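**Student:** One structure coming up, written as structure tokens, with questions to follow.
The values are calculated or read from the model by the stated rules, or taken from the named source; none is laboratory data. Since the structure is predicted, the reported quantities are computational estimates derived from the model, not experimental observations. Only protein heavy atoms, including side chains, enter the accessible area calculation; ligands, DNA and RNA are left aside. Shrake-Rupley method; radii C 1.70, N 1.55, O 1.52, S 1.80 Å.
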Amino acid sequence: MTDPLGAAAGAAVVFAATNVDDIVVLTVFFVAAHATGRPRRWQIVAGQYAGIAALVAVAVIAAVGLLVVPEPWTGLLGLLPVALGVRALLSRDDDDRAPRVVGGVAGVAGVTIANGADNIAVYAPVFRTLGPAEALVFLLVFVAGVGLWCAVGARLGGHPRVVRLVERTGHWLVPVIFVAIGVVILVGSGVVGHLVDRLG
């Protein structure tokens with residue numbers, strides 16, 4: 001018999017543990033939205049939901065054995081935020097306070113997927129052990145979790161001190177944060193070492 005509260009608690013722990021870094025990404029998105037109007041707030045929320053949904057879908061497919069996720073090659077998705085950050089640094093105007101690193105739902109979703117690609121390695125075995133009722137509880141908690149994360153990111157991204165910081169340094173700080181996120185993904189996934197071994 002399914003324990004809904006136990007499943008919900010487990011889902012909350014799994015979601016928080018695998019998405020804590022998304023708070024930083026969402027904060028950056030909301031700061032950019034506040035400073036430049038792009039991406040729009042609804043695009044950030046929609047993109048975050050789309051990205052998390054894609055990650056969960058891949059994990060569920062992998063859990064039922066229909067897909068083998070190549071590890072650590074998913075770490076190559078870290079190249080996306082690196083490329084976005086470098087592009088923003090190279091194309092920025094000196095008058096820009098917070099360059100538009102991404103401009104819409106697809107961009108937000110892409111960064112969310114890249115930042116959470118390693119989550120699949122956690123989600124797949126978890127979903128493999130869940131029954132249908134427990135899986136539904138997990139999905140509902142994840143939906144609520146994304147909403148909470150967006151609310152926290154919006155709150156931080158609209159905080160006066162954060163806004164003032166970005167107004168002073170946003171022309172380089174926002175792109176550098178995206179590059180740093182990408183580097184962390186690449187290094188943390190082990191793909192760099194894997195490539196070195198392959199080439200060596």
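**Student:** Test Val101 against the criterion of being at pLDDT 80 or above, closer than 14 Å to Val25 by Cα and either of a type in the set (Asp, Glu) or open to solvent by less than 10 Å² (accessible area, probe 1.4 Å) (or both), and give yes or no.
**Tutor:** no
**Student:** Does Ala53 count as open to solvent by 50 Å² or more (accessible area, probe 1.4 Å), of a type in the set (A, V, I, L, M) and modelled with pLDDT under 85?
**Tutor:** no
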